[in-house]
Amino acid sequence: MTAIHFTLNGEDRSVDVPPEMRLIDLLRENLDVTASKKACGIGRCGACMVLRNGTPANACLLMMWQVEGTDIITPEGLDAVPESTFVRQGLIEENAFQCGYCAPGFTITLTALLRETDDPGEAEIREALGGNLCRCTGYHSIIRGAVRAVTLKAANALPGD
Ligand code: FES
Ligand code: FES
């Protein structure tokens with residue numbers, strides 16, 4: 001066991017875990033933080049996506065020793081990231097999801113994109129979402145929702161923009 005210290009959704013956390021334990025397992029099995037899903041478990045689908053120091057990362061590939069000292073935001077913590085408001089609103093307006101299993105991961109990725117890029121076009125959106133799969137294959141509505149999120153952000157410039 002190793003003591004790991006990190007920030008989870010704005011709170012300091014300290015856990016005693018095997019260093020090779022995967023973050024997604026800690027979140028879902030030990031901490032009851034379940035919005036990030038475990039699907040493929042091998043970094044192919046994006047269902048487990050979290051923000052690690054502001055960058056999207058697959059929690060199924062992150063071992064706990066890699067989490068030491070980092071800032072982790074899961075879908076539960078997205079209220080602290082202003083851009084997520086536009087992402088969620090855009091996805092809702094376009095009825096982007098069917099079962100919604102993939103939705104948390106898509107929301108994490110798109111929130112990071114809107115933080116990093118002022119006015120991403122459809123090509124940039126599609127590239128950013130390359131690591132997110134939707135088993136219901138509703139990609140057209142997801143892309144429409146993402147484009148709508150960009151429009152909403154442009155119409156509601158954030159403080160400091
Ligand atoms: S569960 Fe992590 S990428 Fe699929
Ligand atoms: S909406 Fe069902 S997996 Fe994406």
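Just so you know, all these numbers are worked out from the coordinates, no wet-lab data involved. Given the structure is predicted, the values throughout are model-derived calculations rather than measurements. Backbone-built Cβ (ideal geometry, glycine too); neighbour counts: all protein chains shown.
Each residue in the stretch 76-106 was checked for being within 17 Å of L27 (Cα to Cα) and touching a strand residue (DSSP E or B) at 6+ places or on another chain (Cβ under 8 Å), and 3 of them qualify. If you scan the stretch 86-127, which residues turn out to be away from ligand 1 (no atom under 16 Å from the Cβ), among the polar types (S, T, N, Q) and in contact (Cβ under 8 Å) with a residue 24 or more places away in the chain? Across the stretch 86-127, the qualifying residues are Q89, N95, Q98, T111. Residues in the stretch 58-107 that are among the small types (G, A, S) and over 15 Å from S36 (Cα atoms): 5 in all. Just to verify a result, which residue in the stretch 23-39, among those that are of a type outside the set (D, E, K, R) and touching a residue at least 60 places away in the same chain (Cβ under 8 Å), is farthest from T117 (Cα to Cα)? Selected residue: A39.
Figure legend. Inter-residue proximity from the stretch 1-22: first residues among the aromatic types (F, W, Y), second residues surrounded by 11 or more Cβ atoms within 10 Å (Cβ to Cβ), beta-carbon distance below 7 Å, spacing 6+ or different chains. Indicated pairs: F6/R13; F6/V67; F6/E68; F6/T70; F6/I72.
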